[in-house]
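Please read the structure below before turning to the comments.
The values are calculated or read from the model by the stated rules, or taken from the named source; none is laboratory data. Given the structure is predicted, the values throughout are model-derived calculations rather than measurements. Glycine gets a Cβ as well: all are built from the backbone with ideal geometry, and neighbour counts include every protein chain shown. What goes into the accessible areas is simple: the full protein's heavy atoms, side chains included, and nothing from ligands, DNA or RNA. Shrake-Rupley method; radii C 1.70, N 1.55, O 1.52, S 1.80 Å.
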Amino acid sequence: MSEESRMSGQSPETSTRERLEITEADLSPAARTVAPPPPAPGFGGDGAEEPWTEATRLMCVAAYLDGKFAQEILDEIVNEEHRAVHVPTGVDIATVARHCLAAGLQKVVRDLLLSADLVLAIVLFLVKGSASWLVYGYLLAAAIVLWDIASSTFIVIRRLSPQRFSAQDAPAPSGTWQTRRIEQLARDQRGNLTVYSGFSPFSGAGIDVGGWSFLIDLRKGREDALGERPTPRQPTPRELYNAVEGALTALGMPNLEIRDRLFVSGSDVREDQRLLPNPMGPPLAWADAGVVEHYLTSPTRQIRHYRCIEIVDWRGELVVSLFLRFAVRNGRLFCELNKLVLVPLKEELHRLNHMGGRRVQFGDVLGMVGRALITTPGLSLQAPRVVLGPLRRHSERSSSARQVENDPFFDFGARTTALDRVRSTRYRRYFQRLDKEMYDKVLERTVLDVLVETLDAHGVDTAEIAERRTTIINNGIMMGREGAINAGNMAVGERAGIHINLPRPGGSAGKGAEGQ
């Protein structure tokens, strides 16, 4: 790398990349949504259109019953000004963000009231010299906390139960900027450009459960009846992608989506105006169709194209993703498939939902009163930070802007957010595990079969790939005895098979496979 490239923060490949002319029109919000895809198919396994997913609803429930979750969504997603934002498939970020804003506003009102009560109680105690004012202040603070708990519980029961939840009924943002930001998040959620942070470009897609890659010599022709090997026709990556997409579409899976996506590290986008037109703003979520086509045929070290194959089931609590890549170079075809899975949300979020859809009982009221009495002291002491909240956020924004401006290697990639952290590492239902296995095997087998058929039609010798196909199919990713996800080869060799260990009858959910 030259000294000039090092000082400017450019890699040799990036610094010599051809630039596109950027105009003011290109920087407008409309320019970022020039080619959005049609709406995603229904999330249910039965193929019916559903206006919401269970993952979305549970996150909305958590916004009211878990103040920390709501604040993390606001800090990491809604108020993010410089980094890309990744939203897991199966989650309606606009609906979750609207409920987090409403829940956050309620918590601000609560903390302001608690701060005023705390100051008033201390002043009266010092002036009057009687500790009874502290007791009165505590009781008033407990009433404020009880109001917050009861109000949140009422919202969960009356508006967020499975029978009554509607994405269209989400609270409207209170400000113009918030409205524009949520609209932008909704547009960018299905973007074709993923700017990632860290090592794995697919980290936001869930748990990596394996994959495969191999090389095929496209110059070796298929042997004919006379024992000769005519020169084969070399397929293009686009032909292979189209063949795979046609075969997968013919399967008739209503919850299947196939789309092109570009992946680039957040440390490599600063000098590419096609991806980051404004160096003080976040990267684009939508890349122009010509840019996608360019990297489909001519990938670079920094930017790679993948055909993303996704199936969303169990109302967003099961997402199977396959990332497929074909690259042709010097008469050879490189094939790569990465498999990831998003499993249900953590059990804590499901437990938050235990009151949804039923009447409030006397025991529930006693529980809310007891919770208010216990949590009031801590909440009252923490409440004054709300007064300094705007100053703290202003300071953080200023610090972040200075870092973006001064650090030539600033990472613009999407960070791990609360949306990712609330995902579990194990299944909640036995059939979720089986459905994942079914989708995984059907999609993988279809890809391999189409690859062999397409190469065979072009006259390429497919004997080696056919043998590899058998080996891949008989090597798998199996589930642990109690639902945990474990990636590994269960069978090796040409004649090896898959041995399935079924869980013990009556077994409960076991310990998750953290770090898999």
What number, in nm² with one decimal, is the all-direction average of the projected area of the convex hull of the alpha-carbon atoms of segment 48-117? 5.5 nm²
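Let's test the formula: R0 of 22 Å, r as the Cβ-Cβ distance of D364 and Q163. What FRET efficiency results, to the nearest 0.05? Please report the intermediate quantities before stating the final value.
Values: r = 18 Å, r/R0 = 0.83.
That gives a FRET efficiency of 0.75.
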Hz values of 3J(HN,Hα) by residue in segment 407-416 - Karplus curve (6.51, -1.76, 1.60), Gly and Pro given as x: 9, x, 10, 4, 8, 8, x, 5, 8, 5
Could you tell me the accessible area of W286 in Å² (1.4 Å probe, neighbours in place), rounded to the nearest ten? 20 Å²
The answer for segment 165-314, accessible area per residue at 1.4 Å probe in Å², is 45 Å²
A463 to Q403: extension gain in nm, 0.36 nm per residue of separation minus the Cα-Cα distance? 16.1 nm
Loop trypsin sites (Lys or Arg not before Pro), segment 275-341 (other Cβ atoms within 10 Å of the site Cβ: 16 or fewer; DSSP): R301
For R426, what accessible area in Å² do you get when you roll a 1.4 Å probe over the heavy atoms of the protein chains, rounding to the nearest 10? 70 Å²
At 37 °C and a viscosity of 0.692 mPa s, what translational diffusion coefficient does Stokes-Einstein give for segment 299-408, taking Rh as the Kirkwood radius over Cα pairs? Give it in µm²/s as a whole number. 157 µm²/s
If each of L126 and R385 carries a label point 7 Å out from its Cα toward its Cβ, how far apart are those two points in nm? 2.3 nm
With label points set 7 Å from each Cα along the Cα-to-Cβ direction at L105 and W212, the distance between them in nm comes to 5.4 nm
A correct Karplus calculation of ³J(HN,Hα) over segment 54-67, with 6.51 cos²θ - 1.76 cosθ + 1.60, θ = phi - 60°, whole Hz and x for Gly and Pro, returns 5, 4, 5, 5, 5, 5, 5, 4, 5, 4, 8, 8, 9, x
As an exercise, identify the GluC sites (Glu not before Pro) in segment 204-300 lying in DSSP coil whose Cβ has no more than 15 other Cβ atoms within 10 Å. E223, E228
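With r as the distance between the Cβ atoms of E293 and I473 and R0 = 25 Å, compute the FRET efficiency 1/(1 + (r/R0)^6) and round to 0.05.
Values: r = 32 Å, r/R0 = 1.28.
Approximately 0.20, to the nearest 0.05.
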Using the alpha-carbon centroid of each, what span in Å lies between segment 433-449 and segment 56-79? 34 Å
Loop sites in segment 378-417: chymotrypsin sites (Phe, Trp or Tyr not before Pro), DSSP, at most 16 other Cβ within 10 Å: F409
Computing the accessible area with a 1.4 Å probe over protein heavy atoms, can you report the carbon and sulfur percentage for segment 365-411? 63 percent
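Could you please state how large a percent of the accessible area of segment 98-213 is carbon and sulfur, counting protein chains only and using a 1.4 Å probe?
Working: 3740 of 5810 Å².
So the carbon and sulfur contribution to the accessible surface is 64 percent.
Based on the Cβ-Cβ distance of N330 and S395, what FRET efficiency does E = 1/(1 + (r/R0)^6) give at R0 = 51 Å, to the nearest 0.05? Don't jump to the answer; show the numbers that get you there.
Working: r = 54 Å, r/R0 = 1.06.
Between N330 and S395 the formula returns 0.40.
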In whole Hz, what ³J(HN,Hα) sequence does segment 465-473 give by Karplus (6.51, -1.76, 1.60; θ = phi - 60°), x for Gly and Pro? 5, 5, 5, 5, 4, 4, 5, 5, 4
Other-chain or far-sequence residues with amide H under 5 Å of L318's (modelled H): D313
